[in-house]
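Structure first, commentary second.
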Amino acid sequence: LCFPPPPPTVTSPCKILKCNSEFWAATSGSHHLGTEEAPEFCTALRAYAHCTRRTARTCRGDLAYHSAVHGIDDLMVQHNCSKDGPTSQPRLRTLPPGDSQERSDSPEICHYEKSFHKHSAAPNYTHCGLFGDPHLRTFTDTFQTCKVQGAWPLIDNNYLNVQVTNTPVLPGSTATATSKLTIIFKSFQECVDQKVYQAEMDELPAAFADGSKNGGDKHGANSLKITEKVSGQHIEIQAKYIGTTIVVRQVGRYLTFAVRMPEEVVNAVEDRDSQGLYLCLRGCPLNQQIDFQTIRSAQATEGRARRKGPSLPAPPEAFTYETATAKCREKLPVEDLYFQSCVFDLLTTGDVNFMLAAYYAFEDVKMLHSNKDKLHLYERTRDLAPGNTAPSGTPPTLWVALLCLSQCWLCLL
């Protein structure tokens, strides 16, 4: 038996991060120096707009790109800039001493928990996570395994947007994993400017797209900060003004995402009825969900009954069921859905890094979930609307039996 060829390296042709960095480097501090700098700032804006137009074709669907385009239009109006004129880059500037990157003071409104004495009850925190093949744990503790290839919104509310891009793990496979992540923190009162964070495979920055590590030049800038925990592998973003913590990791070639967010912020949308798909809240669409219990049987019967759509590739042979379960027990001794996800991913991909992704995802749950009694999940929650309680789930022993039978059937074929 032959192993499938390694997946091609995924690189993004969208150059919006380069445009953002050039504009930030050219204009840092200029809008504090007086009206005499307006022509220079407008020149930088036009250069920024020209850069975004050059990369427009390759940036369709990229949140950072669309955010930059809208931001340029707003800045043009604010500074009374003409769209026609020179676009040569102005001289580079250095941040002045005492810049907001070093400020530690913040108004009370920029600290969600400190301002909560005005409310009658303490905030209720929720958690969402995405890892592995990918597996999704929603704000309502629904657990799903999804295909969701391409770009999908994870979070979309009045304060921030999060979008992930998932790519096939193996050529022709339905198994996907997160290869790109974009987070947009929207401008908020006197606390933070709009900030964009973007990570891709083999590129986990410890700064926002404009090179900064906090919320900008506003008085409460340090209520939004990025901290690098492990270089190139683990960053944490604290958004204190909305009581939110985000953890992004690169495990192997792919990214994982975890967030702790107050329920009030989760539900902060202007028109919830018209709100689009939002995976952390609504879960994956039914036609994008994968059932643990049937995927192996589907692979086993592929040769006997052709279906519409692309065929499922032969599973990698690096792990048998026994070796996969033994490997997963090294890091996940409790046979919950995180353990099952680990086994599923090892059998589907043959990549041991997916075991580490499940392990770190559970570590993030332990750190971020507010209800310690709900850390482990055992019941299947597929095909249920968010907020519903799952019926009695398939016992782990039955899941094991089904998987073993499907493995035996593969051998017979």
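The values are calculated or read from the model by the stated rules, or taken from the named source; none is laboratory data. Predicted model only: the values in this text are computed from it and were never measured. Virtual Cβ from ideal backbone geometry, glycine too; neighbours counted across all protein chains shown. Ligands, DNA and RNA are stripped out before the accessible areas are found, and what is left, the full protein with its side chains, is counted by its heavy atoms. Shrake-Rupley method; radii C 1.70, N 1.55, O 1.52, S 1.80 Å.
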- Message: Looking at the stretch 229-240, can you tell me whether even one residue there is modelled with pLDDT of 95 or more, part of a loop (DSSP other than H, G, I, E, B) and of a type outside the set (Asp, Glu)?
- Response: yes
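Which of the residues belonging to the stretch 164-184 are hydroxyl-bearing (Ser, Thr, Tyr) and open to solvent by less than 30 Å² (accessible area, probe 1.4 Å)?
Of the stretch 164-184, the ones hydroxyl-bearing (Ser, Thr, Tyr) are 165, 167, 173-174, 176, 178-179, 182.
Selection gives Thr167, Ser173, Thr176, Thr178, Ser179, Thr182.
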- Query: When you go through (1) surrounded by fewer than 21 Cβ atoms within 10 Å (Cβ to Cβ); (2) more than 25 Å from His219 (Cα to Cα) one by one for Ser187, which number turns out not to apply?
  - Reply: (2)
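Quick grid of which residues meet (1) among the hydroxyl-bearing types (Ser, Thr, Tyr); (2) touching a Ser or Thr at 6+ places or on another chain (Cβ under 9 Å); (3) part of a loop (DSSP other than H, G, I, E, B); (4) at pLDDT 90 or above:
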position	(1), (2), (3), (4)
Arg306	no, no, yes, no
Leu312	no, yes, yes, no
Pro316	no, yes, yes, no
Lys327	no, no, no, yes
Lys331	no, no, yes, yes
Gln340	no, no, no, yes
Asp351	no, no, yes, yes
Phe354	no, yes, no, yes
Val365	no, no, no, yes
- Sort through Phe257, Phe208, Phe292 and tell me the only one that's open to solvent by less than 50 Å² (accessible area, probe 1.4 Å) and at pLDDT below 95. Phe292
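Kindly establish whether Gly211 is part of a loop (DSSP other than H, G, I, E, B), in contact (Cβ under 8 Å) with a residue 24 or more places away in the chain and in contact with a Ser or Thr (Cβ under 7 Å, 6 or more places away or on another chain). Spell out how you get there, then give the answer.
Values: part of a loop (DSSP other than H, G, I, E, B): yes; in contact (Cβ under 8 Å) with a residue 24 or more places away in the chain: yes; in contact with a Ser or Thr (Cβ under 7 Å, 6 or more places away or on another chain): yes.
Spelling it out, Gly211 is indeed part of a loop (DSSP other than H, G, I, E, B), in contact (Cβ under 8 Å) with a residue 24 or more places away in the chain and in contact with a Ser or Thr (Cβ under 7 Å, 6 or more places away or on another chain).
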- Those residues of the stretch 37-78 which are in contact with a Cys (Cβ under 8 Å, 6 or more places away or on another chain) and among the acidic types (Asp, Glu) amount to Asp62
- Please verify whether the stretch 369-389 includes one or more residues that are surrounded by fewer than 14 Cβ atoms within 10 Å (Cβ to Cβ), β-branched (Val, Ile, Thr), on the phi < 0 side of the Ramachandran plot and at pLDDT below 65. yes
- Item | Residues of the stretch 214-237 classified as crowded, with 19+ Cβ neighbours inside 10 Å and β-branched (Val, Ile, Thr), total | 3
